[in-house]
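Notes follow the structure.
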Amino acid sequence: MKRFVMVLMVVCLLFGAFAGGKKENAKTTAPAASGPSGDVVIWYYWETVGHQKALDHIITEFNNKQSAIKVSAKYVPFADFKKQLSIGAAASELPDLVILDNPDHASYASMGIFADITGKFDVSTYYPGPVNSCTLNGRLYGVPFGSNDLVLFYNEDMLKEAGVSVPTTWNELLDAAAKCTKGNVSGFAHSSLQNEEGTFNFLTWLWSTGATSYEIGTANGIKALTQVQKMVQNGGMTVEAINWTQGDTMNQFISGNLAMMINGTWQIPTMRQEVPNMHWNVAPIPQDKVQASGLGGENYAVIAGGNEAAAIEFLKYATSKDVCLYMMEKMGYISSDSTIAEGQFGDDPVYQVFVDEMKYAGARGPLPEWPDISDAISLAFNEVMTGASTPEKAAAKAQATIDAILGK
């Protein structure tokens with residue numbers, strides 16, 4: 001009997017709740033909370049303070065405009081970024097959104113780390129190249145952040161003092177760099193780290209010979225490595241560059257320790273702010289057979305299984321025209337959205353050199369195995385720069401690794 005009474009009470013309570021709900025619906029029901037919500041954590045590797053502040057600025061603005069989503073960002077050093085992504089994936093401790101180097105995108109997409117956002121984000125107005133770096137097997141696994149490329153930066157006063165013109169060929173660069181080297185000043189450098197950052201810079205030598213990224217073992221590949229060797233041996237290129245990031249290289253340049261460097265668009269805002277009175281300019285990278293530059297830039301990627309909906313909501317804000325233009329200006333990038341990039345730099349002659357070089361800028365990958373190929377390339381020029389190997393032996397070893405990866 002007691003059991004029957006308890007059951008009856010439960011039924012009555014359920015009926016009352018249902019009836020009350022029906023009565024509430026008969027009136028005007030207050031809208032339930034809808035749309036994406038929750039925390040979104042972003043990982044990025046930008047070492048430049050100005051870039052970090054710019055990202056923090058748009059995150060703060062986004063958080064202040066609404067209360068459903070809270071975005072925060074974490075800096076992970078470039079050298080550790082890939083490792084942290086791999087470790088995080090294995091331990092299920094990943095962020096919700098990453099900003100990563102575009103040639104690495106296909107590799108992590110193939111591992112299932114990035115969410116398929118096909119149909120969830122419109123990239124129809126974006127340049128094909130950046131979009132391709134986010135695409136795998138016809139599916140979209142990211143959104144291009146911005147693009148950049150590499151050119152030669154030179155100190156006008158140092159070149160004038162050395163009595164040399166802006167070099168346009170490899171031989172001219174050899175001569176000019178040696179003549180500009182004096183005391184604590186090195187004639188030339190670019191980031192030569194044994195990682196993707198170093199590969200990005202070295203490939204301009206390889207591509208200028210007419211070789212592809214996968215042909216370092218050819219006569220042209222050996223020629224590119226030999227050019228680097230000659231630069232180091234004649235004193236024009238400092239071997240210390242094997243320890244320098246692109247940011248370090250810029251700091252050496254603006255400190256007056258470098259006469260010339262290869263570097264990218266993103267350094268311009270910092271240089272203009274920190275050394276407004278320095279006489280410097282830019283020019284195409286000295287060439288062998290053909291003009292060459294490196295296509296760089298980052299992509300946004302949403303982590304699969306994270307707060308995907310909220311991450312995409314932030315992406316829509318971050319890629320809107322005004323916000324995108326703000327980030328591109330602060331970082332010295334070229335927008336990957338063609339409708340935003342048009343007229344982005346006005347009549348700025350320095351940026352125009354970079355824009356002109358975009359048609360000569362080669363892309364790394366996209367290939368899921370690119371990180372391993374990049375490692376083989378960066379090891380080759382590091383061994384040549386330090387004298388640990390000859391160009392011929394370093395090229396042969398790198399080519400064997402590349403062929404094995406490509407299944408040749």
> Mind listing the Cα extents of the chain along all three principal axes, in Å, largest one first?
Replying inline: 104, 50, 35
> Within region 76-94, what residues put their amide N at less than 11 Å from the label point 7 Å along the Cα-to-Cβ vector of residue 52?
Replying inline: 76-77
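Just from its helices, what would the mean residue ellipticity at 222 nm be for the chain, if runs of 4 or more DSSP H residues each count -39500 (n - 2.57) and the sum is divided by every residue, rounded to the nearest 500 deg cm²/dmol? Numbers along the way, then the final one.
Working: 17 runs with 198 residues, N = 408.
Theoretical 222 nm ellipticity from helices: -15000 deg cm²/dmol.
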>> Per residue, how much accessible surface does the chain expose to a 1.4 Å probe? Answer in Å², no decimals.
In response: 45 Å²
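On full extension of the chain, what length is gained from residue 67 through residue 257, given 0.36 nm per residue of separation minus the C-alpha to C-alpha distance?
Working: separation 190, 0.36 × 190 = 68.40 nm, distance 4.84 nm.
Residue separation times 0.36 nm, minus the Cα-Cα distance, leaves 63.6 nm.
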>> Rounded to the nearest 20 debye, what is the charge dipole size of region 66-211 about its Cα centre when +1 sits on each Lys and Arg Cβ and -1 on each Asp and Glu Cβ?
In response: 260 debye
> Over region 77-202, what percent of the accessible surface lies on carbon and sulfur atoms, probe 1.4 Å?
Replying inline: 48 percent
> Length gain on complete extension for the stretch residue 122 to residue 403, per 0.36 nm per residue less the alpha carbon to alpha carbon distance?
Replying inline: 97.5 nm
>> Under 20 Å from a point placed 7 Å out from the Cα of residue 60 along the Cα-to-Cβ direction: which residues of region 329-343 have their backbone N that close?
In response: 329-332
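Kindly identify region 150-300 as rounded, prolate or oblate by the Cα gyration tensor criterion: order the square roots of the eigenvalues as a ≥ b ≥ c, call it rounded if a/c is under 1.5, otherwise compare a/b with b/c, prolate if a/b is larger, else oblate.
Oblate is the answer for region 150-300, as a/c is 1.5 or above yet b/c matches or exceeds a/b.
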>> Testing the spin-label approximation: label points 7 Å from Cα along Cα→Cβ at residue 396 and residue 165. State their distance in nm.
In response: 4.1 nm
>> Restricting to bridges with both residues inside the chain, how much of the DSSP beta-bridge set is antiparallel, in percent to the nearest 5?
In response: 60 percent
> Can you give the extra length, in nm with one decimal, that the chain gains between residue 323 and residue 352 once fully stretched, where that is 0.36 nm per residue apart less the Cα-Cα distance?
Replying inline: 8.3 nm
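Two decimals, Cα atoms only, Kirkwood Rh: what is Rg/Rh over region 123-170?
On the way: Rg = 19.4 Å, Rh = 14.4 Å.
A ratio of 1.35.
Please compute the Kirkwood hydrodynamic radius of region 231-359 from all pairs of different C-alpha atoms, in Å with one decimal. The partial results should precede the final answer.
Values: mean 1/r = 0.0580 Å⁻¹.
For region 231-359, inverting the mean 1/r across all distinct Cα pairs yields 17.2 Å.
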> What base-10 log of the normalised intensity I(q)/I(0) is obtained for region 54-197 from the Debye formula, alpha carbons as equal point scatterers, at q = 0.18, 0.19, 0.21 Å⁻¹?
Replying inline: -1.10, -1.17, -1.33
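The values are calculated or read from the model by the stated rules, or taken from the named source; none is laboratory data. In this text the structure is predicted, and so the values were computed from the model without any measurement. Cβ sites come from the backbone with ideal geometry, for glycine too, and all protein chains shown count toward neighbours. Remember, those area values only see protein heavy atoms, side chains included, never the ligands or the DNA or RNA. Shrake-Rupley method; radii C 1.70, N 1.55, O 1.52, S 1.80 Å.
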